[in-house]
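Peer 1: Below are the structure tokens for one structure; questions will follow.
Just so you know, all these numbers are worked out from the coordinates, no wet-lab data involved. Here the structure is a predicted model, which means the values were calculated and not measured. All Cβ positions, glycine included, derive from the backbone under ideal geometry; neighbour counts span all protein chains shown.
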Amino acid sequence: LEALDGRMKKHHRMMLGLHLDHLSYVEKQLEKVEFEINQLLEPHLPSVELLITIPGIQKDAAAVILAELGNDMSHFGGDPQIATWAGLSPGNNESAGKKKSSRIAKGNKSLKAVLCQAAWAASKSKGTRLASFFYRIQKRRGQRKAIIATAHLMLRMIYRMLKDKIPYREVGWDYLTTSKPSVEYWVKKIEAQGFIVKVESTEAS
């Protein structure tokens, strides 16, 4: 650096110093922002801990998700409603035998963006259900629709996890070939008919 400094002109050294000072200022501001975010997240740490059990979701993404959704899932009538609100619910693709557009509604842009980023990260996770789901959709419909579909699946998981206060449970890459249809599968089928499903365990009874 000393040798480089000897070859630099005075105004170059001044500009470099200004850039370094600005970088130092930005780093200090980022530290302040991170501190404030951590302070605001403190009451919601149990929910943050739940969300980061999902592949592809880290603390910063969990913070955005909670900021947009909140902790109380009773504001939403079920999976279809929360998906529509987030802009991750495509409309019916067929009516009377005619193809319709499957474009996604606009919805909550911040939530949609962070879930799509998380879906892409989840697609890189090894041996997970989310990665398996992503590549299965990508093979049939392309990368963009696979990201949207995976983000939609993750949102449904988040809804259930925050509603029932349960962590993510990994079922593995080959979950479709090694298990029978899950409770979630049948819940989705019933909700698609316009019903709201409440799942309760029989273990306590």
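Peer 1: As a test of the definition: which semi-axes, in Å, follow for the range 12-60 when you take the square root of five times each eigenvalue of its alpha carbon gyration tensor? Largest first, please.
Peer 2: Sorted largest first and rounded, they come to 35, 13, 4 Å.
Peer 1: Specify whether the C-alpha gyration tensor of the range 104-153 places it in the rounded, prolate or oblate class, a ≥ b ≥ c being the square roots of the eigenvalues: rounded for a/c under 1.5, otherwise prolate if a/b is larger than b/c and oblate if not.
Peer 2: oblate
Peer 1: Next question, about the same structure. Which net charge results when you count Lys and Arg as +1 and Asp and Glu as -1 among the other residues whose beta-carbon is under 11 Å from that of V48? Mind showing how you got there, number by number?
Peer 2: Numbers: positive: K59; negative: E42, E49, D60.
Net charge around V48: -2.
Peer 1: Right, another one. Of K28/K59; K59/K124; K112/K163; K112/K165; K32/K109, which sit over 24 Å apart, Cα to Cα?
Peer 2: The pairs that break the limit, which is 24 Å between Cα atoms, are K32/K109.
Peer 1: Shifting gears a bit: Give, in nm to one decimal, the length gained when the segment between L40 and A113 is fully stretched (0.36 nm per residue of separation minus the Cα-Cα distance).
Peer 2: My answer for the length gained is 24.1 nm.
Peer 1: Would you mind putting 135-148, 50-63 in packing order, based on average other-beta-carbon counts within 10 Å, highest first?
Peer 2: Most protected by this proxy first, the peptides run 50-63, 135-148.
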